[in-house]
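Computed from the coordinates by the stated procedures, all read-outs in this text should not be read as laboratory data. Remember, it's a predicted structure, so these values are computed and weren't measured experimentally. Backbone-built Cβ (ideal geometry, glycine too); neighbour counts: all protein chains shown.
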Amino acid sequence: MLGKIWAVFQKDLLIELRTKDSLNAMLFFGIVVLVVFNFALESTRDTIRQAVPGVLWVAFVFSGTLGLNRMFASEKENSCLQGLLMVPMDRGIIYLGKTLAAAVFMLIAEGVIFVFSLVFFNLTVWAEIPYLILVFFIGTLGFTAVGTLLSAIAVNTRMREVLLPLILFPVVLPILVNAVEATGIILNTADYRALKLPLTIMTTFTIVFATLAYLLFDFVLED
Amino acid sequence: MDQSRHKLFDSVLGGLLLIGMVVALYMAFLGAPREQTMGDLQRIFYFHVPSGMMGLAAFIVNCYASLMYLIKKDRKWDSLALSAAEVGVVFFTIVLVTGPIWAKPVWFVWWTWSPRLTSSLVLWMLYLAYMLVRNYVPDPERRAMMSAVFAIVAIVDAPIVFFSIRWWRDMHPSAMLETGGLSPAMWPAFLTCIAAFLILLIYLIRRRYFLESARLEAERLARLADLAR
Amino acid sequence: MIEVRGLAKYFGRFSALRDLHISVPQGQFIALFGRNGAGKTTFLRILAGLSRPSAGAVLVHSAKPGSQGAREVIGYLSHNTALYLDLTALENLRFYARLLDLPALGADLEDRIARVGLAGRAREPVRNYSRGMQQRLAIARAFLHDPGVLLLDEPFTGLDREGTEFLQNYLSESRARNKTCLMAIHDAPLGYALSDRLVVIERGVVALDLPRQSVTLDEFQGRYRALTEER
């Protein structure tokens, strides 16, 4: 089973590396968000470090949503999903493979966006980096765990991809709140012990929703 | 129960509702004592909180019905889920409207970002998202399936949302505390309002459910008519 | 073998299938005829497990369609190729071979690609293929696991000459190997030639069901025309 999940993941990765459709859009959009916020926050230039966690995660979430939209849009072309559904395997495998792929794309985009934010907002971070990576990683996993399921729902509606942010954002609010708080704790205080609670909530969220989505995925694909 | 017995039950329920609401209004505005610090404004509490409770109750009914639909695949569960969702939206809207009305005179802001108010907002948005999903899936069976899945995601999400907001509030405390305390003299009014709103909840869900059942029946008859061609 | 009892499928007010009964013994080749919108595609999709019936019972090799057991024996070929345009033919097949737990030996897959006449172009992205070429590859993909039950929805429509030849050979081979086949088809002479049994679906039910040997092509076409024209 792990091999098949890996196969689905690899396939999406391969397509993306070849076309770079998603990644380009995600990167560009994320960086545009940073630039817009720079202008929006100009008057608070001195205290901008306080706003950075929120700005970062807004950029991440917008960028991630773009990536999620592409996840199933590409399967709609030629009804590729139909071919996948005919394979005698647990359909949750499709879910897991795609979630992994979405998470990887989002993490790549986050890395680049983060580097740009260091430059734009004149931040210096060295000791904080391992902690930031941890928060980014868990937050992204949680986001894509729910996002992949909801993307599969959205793509089957008349509004298609436009629906995804509308139904996704209220649901991933816990991730957003905790991720922004955690990022803020890392960047603005050095109180790493305070990270325990937000990280726990985010991890719980991820595990709970990954399991739930795995079980519910079949219902979404049925016709 | 068949149609006529349903109609009878609903008529009785409707009568009870009318009486209940009149009593509740009396109790809230006249029967209950005047609150010390906020004065008559505090009376909004008797509608604000029961609405929130009923909204939550509707949410739970929706999720239960959605789960049953996924298991049984019977459309009547979907009808119940839809009815509960629509009624729930109404109750949460009341919460979101009465909240600012209460907040402005007391704390001079329209919105307090308190855990209760914010959670109500998020639940309200989840309900709306549920409606959006329903609105944009044309096929009825698929619509039932998709919205049921979303409803289950929503109910699993709700406690985590509430907890996260509570914790966030603890991190960033605000001076605006909502009163949770009720003096003993206020409880009769409070309980009466809860009872009246509960009857309202049941009544509205029932009426909406029967409307939806009628629509299902019309769909079935249209299919039969189509066959006869 | 395939058992269908009282199959109905509706989308809201619209009934695609009403009360379909059919029994297909192992090894039988059925040509499925019917007007557009008569329910052929819906029927095949339900058999494939891609669509859930609204009512009725369907069994494929004693398993419910869509179940693990059913999917192992079914190969479904529709008008959509289910090919990833940005991957090469080889990569497409290799992906499916991995999912199907088949030994993804490069040589074996290249052989299959050659058999559908795409040798030498196996390493090009499918996006560069013509429609006919894509369809040929789709055939290779759909039947990669050598299924015992073949479900085909208008497979010859838009297929080029090479592809038509290949598919006809493949179907003859399958017939010799006692595979079951349901094929929706428009071309009456071709369908007649390839099948054991002629079935017409009209307005959601089986309106005509004849062993091929009991009618000539002309007789069949006459009856089919009469059936679909009456109002």
Problem - Highest-first arrangement of B:103-114, C:82-93, where packing means the average Cβ count within 10 Å - result: C:82-93, B:103-114
Completion exercise
Dividing the mean separation of Cα pairs under 8 Å (6+ apart) by the residue count of the stretch C:2-229 yields a relative contact order in percent of 29
Completion exercise
Given backbone amide H placed at 1.01 Å from N, residues whose amide H is under 5 Å from that of C:Gly56, ignoring those fewer than 5 places away on the same chain, are C:Ala8
Handout entry: Residue among C:Gly132, C:Gly66, C:Gly148 farthest towards the positive dipole end of chain C, charges placed on Cβ
Key = C:Gly66
Practice task
Report the label-to-label distance for B:His6 and A:Lys76 in nanometres (one decimal), using points 7 Å from each Cα along the Cα→Cβ vector.
Solution key: 3.7
Handout entry: Among B:Phe190, B:Ala103, B:Met131 the positive-end extreme of the charge dipole of the protein assembly as shown (Cβ point charges)
Key = B:Phe190
Completion exercise
In whole µm²/s, the translational diffusion coefficient that Stokes-Einstein assigns to chain B, given a Kirkwood hydrodynamic radius over C-alpha pairs, 4 °C and 1.567 mPa s, equals 66
Practice task
Find the relative contact order for chain A and round it to a whole percent, using C-alpha pairs within less than 8 Å whose residues are 6+ positions apart.
Solution key: 26
Practice task
Find the centroid of the Cα atoms in the stretch A:145-165 and in the stretch B:8-40, then give the distance between the two in whole Å.
Solution key: 43
Problem - Where only C-alpha atoms are counted, convex hull volume of the stretch A:52-105 per residue in Å³ - result: 66
Exercise for the section: Return the lysines within reach of C:Lys9: Cα separation strictly under 20 angstrom, same-chain partners fewer than 8 residues apart disregarded; answer none if there are no such residues. Expected result: B:Lys72, B:Lys73, B:Lys76, C:Lys40, C:Lys64
Completion exercise
Measuring from its Cα centre, chain C shows a charge dipole (+1 at each Lys and Arg Cβ, -1 at each Asp and Glu Cβ) which, in debye to the nearest 20, is 600
Practice task
Work through the residues other than B:Asp78 whose Cβ is under 15 Å from its Cβ and net out their charges, Lys, Arg +1 and Asp, Glu -1.
Solution key: +3
Exercise for the section: Please report how many Lys pairs in chain A have alpha carbons closer than 22 angstrom, counting only residues at least 8 apart along the chain or sitting on separate chains. Expected result: 8
Exercise for the section: Before rounding to the nearest 500, sum -39500 (n - 2.57) across all DSSP H runs of length at least 4 in chain C and divide by the residue total; then give [θ] at 222 nm in deg cm²/dmol. Expected result: -11000 deg cm²/dmol
Exercise for the section: Please work out the FRET efficiency for the pair B:Ala225 and C:Arg223, using the Cβ-Cβ distance as r and a Förster radius of 35 Å; give the result to the nearest 0.05. Expected result: 0.75
Fill in the blank from the handout: Counting other chain Cβ atoms within 10 Å of each Cβ in A:200-209 and taking the mean gives 2
Exercise for the section: About the Cα centre of the stretch A:2-221, how large is the charge dipole given +1 on each Lys and Arg Cβ and -1 on each Asp and Glu Cβ? Please answer in debye to the nearest 20. Expected result: 280
Fill in the blank from the handout: Taking Cα atoms only, Rg over Rh for chain A with Rh from the Kirkwood formula is 0.99
Practice task
Calculate I(q)/I(0) for the stretch B:1-135 by the Debye formula, one identical point scatterer on each C-alpha and no solvent, and give its log10 at q = 0.22 Å⁻¹ to two decimals.
Solution key: -1.28
Practice task
Mind running the shape call on the stretch A:34-139? Use the C-alpha gyration tensor, a ≥ b ≥ c as the square roots of the eigenvalues: rounded below 1.5 for a/c, prolate if a/b tops b/c, oblate otherwise.
Solution key: prolate
Handout entry: Contact order relative to length of the stretch B:33-91, as percent, for alpha carbon pairs under 8 angstrom and 6 or more apart
Key = 38
Completion exercise
Note on chain C, DSSP bridge orientation, antiparallel percent to nearest 5 equals 55
Handout entry: Kirkwood Rh (inverse of mean 1/r, distinct Cα pairs), the protein assembly as shown, angstrom
Key = 28.6
Fill in the blank from the handout: Other residues with Cβ under 14 Å from the Cβ of B:Leu13 give, with Lys and Arg +1 and Asp and Glu -1, a net charge of +4
Exercise for the section: Bin all alpha-carbon pair distances of the stretch C:41-114 at 5 Å intervals from 0 and give each bin's fraction as a whole percent. Expected result: 3, 14, 20, 19, 16, 14, 9, 4, 1, 0
Exercise for the section: Please work out, to two decimal places, the log10 of the ratio I(q)/I(0) at q = 0.25 Å⁻¹ from a Debye calculation in which every Cα of the stretch C:82-127 carries one identical scatterer. Expected result: -0.88
Practice task
Any aspartates and glutamates with Cα under 16 Å of the B:Lys104 Cα? List them, leaving off those in the same chain fewer than 8 positions away.
Solution key: B:Asp40, B:Glu178
Handout entry: Extreme residue, positive dipole direction of the stretch A:2-221, given options A:Thr183, A:Phe116, A:Gly92 (C-beta unit charges)
Key = A:Gly92
Practice task
Please state the charge dipole magnitude for the protein assembly as shown, taken about the Cα centre, from unit charges on C-beta atoms (+1 on K and R, -1 on D and E), reported in debye and rounded to the nearest 20.
Solution key: 940
